[in-house]
Amino acid sequence: DTATTEIYTLSLHDALPILLLQIDIEGSEYASLLAADDDVLKRFRIIAIELHYLDLLNVEVFANIFEQFIQKISTNFVVCYARANDCCGYVKVGKEKLPRVMELTLIRKDRIVELSDQPIKSFSIRNM
């Protein structure tokens with residue numbers, strides 16, 4: 001069995017960029033983005049994605065898929081926001097506690113404006 005995923009884009013005119021791709025597909029995000037054409041992904045300025053099964057990073061097969069995913073997405077995007085999702089708890093790895101699910105917001109690299117002398121602000125909001 002093979003699964004095929006296609007990302008369909010719609011705009012008023014093909015020359016107009018698409019602003020946002022939001023992905024929360026319960027573990028299929030890796031295969032979907034790995035299968036997506038780079039030219040299609042580059043049309044999005046922002047990708048908001050929920051990453052599942054992070055507790056399996058110590059399993060070689062999943063670690064390889066995750067590494068391919070990171071390499072592909074980091075070609076054109078950088079993380080601008082990351083947080084643990086409290087929905088599925090945490091797993092202990094050595095002395096560290098890692099989330100099973102994370103939420104990331106990525107911004108396309110050509111949209112970044114250098115901010116000089118701006119403090120980095122951090123805050124935390126727990127799931128309700």
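Summary table below
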| item | result |
| --- | --- |
| Residue check, Thr75 among the hydroxyl-bearing types (Ser, Thr, Tyr) and within 12 Å of the chain's Cα centre (by Cα) | no |
| Residue that is most open to solvent (accessible area, probe 1.4 Å), among those in the stretch 17-61 that are on the phi > 0 side of the Ramachandran plot and free of Cβ contacts under 8 Å to residues at least 40 places away in the same chain | Glu26 |
| Residues satisfying the stated conditions in the stretch 62-109, i.e. touching a residue at least 12 places away in the same chain (Cβ under 8 Å) and open to solvent by 70 Å² or more (accessible area, probe 1.4 Å) | Gln68, Thr75, Val79, Cys80, Tyr81, Cys87, Val93, Leu98, Arg100, Lys109 |
| Output for the stretch 63-81, where each listed residue is touching a strand residue (DSSP E or B) at 6+ places or on another chain (Cβ under 9 Å) and in a helix (DSSP H, G or I) | Phe66, Phe69, Ile73 |
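The values are calculated or read from the model by the stated rules, or taken from the named source; none is laboratory data. These numbers were taken from a predicted model, which means no experiment stands behind them. Because the Cβ atoms are built from the backbone with ideal geometry, glycine has one as well, and the counts that use them run over all protein chains shown. For the accessible areas, the whole protein counts, side chains as well, though only heavy atoms, and no ligand, DNA or RNA atoms are used. Shrake-Rupley method; radii C 1.70, N 1.55, O 1.52, S 1.80 Å.
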